[in-house]
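Undergrad: Supplied in structure tokens, the structure appears directly below.
Coordinate-derived values only; no laboratory data. Fair warning: this is a prediction, and the values are worked out from it, not measured in the lab. Note that each Cβ is placed from the backbone with ideal geometry, even for glycine, and that neighbours are counted across all protein chains shown.
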Amino acid sequence: MSDSPSKAEPKSENVAAVLKVFAVIEALVEDKRMGLADLAQRAMTSKTTAHRLLQTMVELGYVEQDPETEKYGLTLKLFSLGARSLTEQTELLRVADQAMGKLSRATGESINLGILDDRDQRVVYIHKYDSAYNLSMKSTLGLRNPLHSTSLGKALLAWRDDEEIRERLSKTELTKRAPRTITDLETLIDVLHATRRQGFAEEVEESEAGVRCMAIPIFNYMGKPVAAMSISFPLFRFDEARRSEYAKLLKDASATASSALGFHGADVAGSEA
């Protein structure tokens with residue numbers, strides 16, 4: 001029993017040190033070059049502690065100090081690490097961009113690419129084509145939206161087994177965001193089953209009033225949905241007579257992008273369009 005406090009204390013100190021290191025990194029990302037006093041203030045620590053952390057980061061090659069101004073800045077080592085970790089994402093963006101460009105030209109509407117963030121079970125928007133129309137749906141890169149109320153989220157969920165779907169949805173609140181948001185778990189599960197059968201996802205005023213979206217997943221070589229593409233329409237401009245055409249465009253785009261990532265499985269599409 002007497003050992004417990006001494007074991008807990010170093011762990012707490014280590015966590016605090018890590019938080020300070022990342023506070024320094026984030027400050028240098030925002031302001032590029034900063035002096036010791038300003039960095040200590042941003043990290044909410046003493047200048048002595050900040051200096052010790054910075055010297056370690058300099059020795060590891062992540063930070064450099066200007067000999068004239070004595071200000072600190074990040075080196076390219078972090079960029080190098082990030083670039084290496086994003087190799088798969090870079091390939092995804094490359095193949096998705098071609099498919100999205102084709103969708104954009106065929107529809108004139110907003111085209112979005114989203115991936116699933118495992119940390120908080122949200123869709124993160126990582127690429128887009130803006131609409132050719134003045135009145136259109138605008139999205140922001142880096143935007144994060146819930147899975148349950150978006151066509152992208154449904155597309156990312158529907159091609160997983162029920163156990164995984166339920167586990168992921170248990171970690172998020174099915175909050176009402178628009179007039180027709182689905183907030184009942186079993187209803188949502190049924191919708192996801194129907195989504196998989198028809199081969200694409202839809203949402204009508206579930207995320208935003210006056211907006212209708214259709215989406216489809218992109219699969220990697222293992223058959224795992226790694227992203228989803230969507231077409232977003234203002235509700236008044238959606239042509240119901242072209243719904244089957246939009247669905248085919250999405251399915252063709254998914255097949256092209258998925259094939260480029262090495263997926264050679266059965267067709268994603270169901271029998272209904």
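Undergrad: Taking every pair of Cα atoms in the stretch 4-81, average 1/r, invert it to obtain the Kirkwood radius, and report Rg/Rh to two decimals. Write out the running numbers ahead of the final one.
TA: Working: Rg = 13.3 Å, Rh = 13.0 Å.
Here the Rg-to-Rh quotient is 1.03.
Undergrad: Hey, in the GNM for the chain with a 10 angstrom Cα cutoff, which one of Ser230, Ser170, Ser104 fluctuates hardest?
TA: Among Ser230, Ser170, Ser104, the largest mean-square fluctuation in the Gaussian network model of the chain belongs to Ser170.
Undergrad: If you place +1 on the Cβ of every Lys and Arg and -1 on the Cβ of every Asp and Glu, how big does the dipole about the Cα centre of the stretch 86-260 come out, in debye to the nearest 20?
TA: Rounded to the nearest 20 debye, it is 400 debye.
Undergrad: Please compute the length gained on full extension between Glu173 and Arg237, using 0.36 nm multiplied by the number of residues separating them and subtracting their Cα-Cα distance.
TA: Taking 0.36 nm per residue and subtracting the Cα distance, the gain is 20.0 nm.
Undergrad: For the stretch 104-166, state the semi-axes of the equivalent ellipsoid (square roots of 5 times the eigenvalues of the alpha-carbon gyration tensor), sorted largest first and rounded to whole angstrom. Don't skip to the end; give the middle numbers.
TA: On the way: eigenvalues 128, 31, 15 Å².
Equivalent ellipsoid of the stretch 104-166: 25, 12, 9 Å, largest first.
Undergrad: Could you calculate the contour length gain from Ser244 to Asn220, that is, 0.36 nm times the residue separation minus the distance between their Cα atoms, to one decimal place in nm?
TA: 6.1 nm
Undergrad: Below 8 Å, C-alpha to C-alpha, sequence gap of six or more: please give me the relative contact order for the chain in percent.
TA: Once divided by the residue count of the chain, the mean separation gives 14 percent.
Undergrad: Here's a follow-up. What number, in percent, do you get for the relative contact order of the stretch 4-81 if the mean sequence gap of Cα pairs under 8 Å and at least 6 apart is divided by its residue count?
TA: Numbers: 66 pairs, mean separation 20.2, N = 78.
Relative contact order of the stretch 4-81: 26 percent.
Undergrad: So what is Rg over Rh here for the chain, counting just Cα atoms and using Kirkwood for Rh?
TA: Checking Rg against Rh, the ratio lands at 1.09.
Undergrad: Among Val18, Ala255, Leu54, whose Cα projects farthest towards the positive end of the dipole of the chain, with charges put on the beta-carbon of Lys, Arg (+1) and Asp, Glu (-1)?
TA: Highest projection toward the positive end goes to Ala255.
Undergrad: Which aspartates and glutamates, on any chain, are close to Lys248 with Cα under 19 Å apart, when same-chain ones fewer than 8 places away are left out?
TA: Within reach: Asp97, Glu109, Glu202, Glu203, Asp239, Glu240, Asp267, Glu272.
Undergrad: Then there is this: Within the chain, which is the longest segment that contains none of the GluC sites (Glu not before Pro) sitting in a DSSP loop with at most 11 other Cβ atoms within 10 Å?
TA: That gives 71-172 as the longest site-free run.
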